[in-house]
1. For region 1-49, name all the residues that are part of a loop (DSSP other than H, G, I, E, B) and in contact with a helix residue (DSSP H, G or I) (Cβ under 6 Å, 6 or more places away or on another chain).
2. Show the residue pairs meeting these rules: Cβ distance below 7 Å; 6+ apart or different chains; first residue within region 73-99 and at negative phi; second residue charged (D, E, K, R) and outside any helix (DSSP H, G or I).
3. So, of the residues in region 120-134 that are outside any loop (DSSP other than H, G, I, E, B) and of a type in the set (A, V, I, L, M, F, W, C), which turns out to be nearest to Thr150 (Cα to Cα)?
4. For region 54-62, does any single residue satisfy the condition of being hydrophobic (A, V, I, L, M, F, W, C) and open to solvent by less than 20 Å² (accessible area, probe 1.4 Å)?
5. List every residue pair whose Cβ atoms lie under 9 Å apart, where the two residues are 6 or more positions apart in sequence or sit on different chains, the first residue falls within region 117-136 and is closer than 20 Å to Cys50 by Cα, and the second residue, located anywhere, is modelled with pLDDT under 95 and among the small types (Gly, Ala, Ser).
6. Sort out which residues of region 88-119 are closer than 18 Å to Met3 by Cβ, in contact with an Asp or Glu (Cβ under 9 Å, 6 or more places away or on another chain) and either open to solvent by 50 Å² or more (accessible area, probe 1.4 Å) or in a loop (DSSP other than H, G, I, E, B) (or both), and write them in order of number.
7. Consider only pairs whose beta carbons are under 7 Å apart and that are at least six residues apart or on different chains; among these, list those whose first residue lies in region 45-60 and is touching a residue at least 40 places away in the same chain (Cβ under 8 Å) and of a type in the set (Phe, Trp, Tyr) and whose second residue is surrounded by 15 or more Cβ atoms within 10 Å (Cβ to Cβ) and outside any loop (DSSP other than H, G, I, E, B).
8. Taking the condition open to solvent by less than 50 Å² (accessible area, probe 1.4 Å), touching a Gly at 6+ places or on another chain (Cβ under 7 Å) and free of Cβ contacts under 8 Å to residues at least 60 places away in the same chain, does Arg144 pass?
Amino acid sequence: MGMVGNYVAVADLLLRQIINGDKDIFEIDPTQHRLLDIDKSWQAIQYLLCKNVDGGEPPMGYVVPIRDENALDCEFDFGAFYITAKQVKEAADYLYSLDDNTLMNMYDFKLMVENKIYPLHGKEKEDEGAIFYEYIYSHLSELRKFFAFTAEEGYAIIFYVM
């Protein structure tokens with residue numbers, strides 16, 4: 001099964017209510033919100049964009065927002081994190097500024113294997129690099145669309161790993 005990255009687009013007002021403790025994150029009805037599952041690619045995307053597995057400077061650090069300042073108080077095992085509608089817009093603009101050449105130049109499979117970037121285990125062979133890049137790229141493409149749509153709607157995002 002593994003740890004899967006999930007995004008939920010929410011109204012900025014709902015996010016504020018969750019941050020302030022007026023609503024519980026578990027009260028969100030997933031059928032009422034736009035969702036995106038990026039499978040196990042979340043940490044690899046984080047590493048590709050930020051060159052580390054948590055944190056990351058804005059706007060690239062907003063794409064997989066595992067940042068202390070973006071943490072929500074909840075009982076998810078891995079935690080839940082948010083970005084505001086303004087931060088969604090910044091991240092969407094950043095994602096669309098990355099062309100295919102730039103992304104390919106940012107990709108370092110060998111370093112990802114050495115650092116055991118999830119879902120890698122450190123035993124992958126060099127010839128698996130192209131396949132792994134396609135895996136990351138396909139989910140990053142979906143993220144671009146999700147962020148663009150969410151930014152257009154003026155929504156915030158909650159990210160969690162299950």
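1. Passing the criteria: Gly2, Val4, Lys23, Ile38.
2. Phe81/Arg67
3. Only one residue fits best here, namely Phe132.
4. no
5. If the second residue must be modelled with pLDDT under 95 and among the small types (Gly, Ala, Ser), the pairs left are Tyr118/Gly2; Pro119/Gly2.
6. Pro119
7. Tyr47/Met112
8. Taking the combined requirement at face value, the residue does not satisfy it.
The values are calculated or read from the model by the stated rules, or taken from the named source; none is laboratory data. None of the values given here were measured: they were computed from a predicted structure. As a convention, Cβ positions derive from the backbone with ideal geometry for all residues, glycine included, and neighbour counts pool all protein chains shown. Quick note on the areas: whole protein, heavy atoms, side chains included, nothing else; ligands and nucleic acids left out. Shrake-Rupley method; radii C 1.70, N 1.55, O 1.52, S 1.80 Å.
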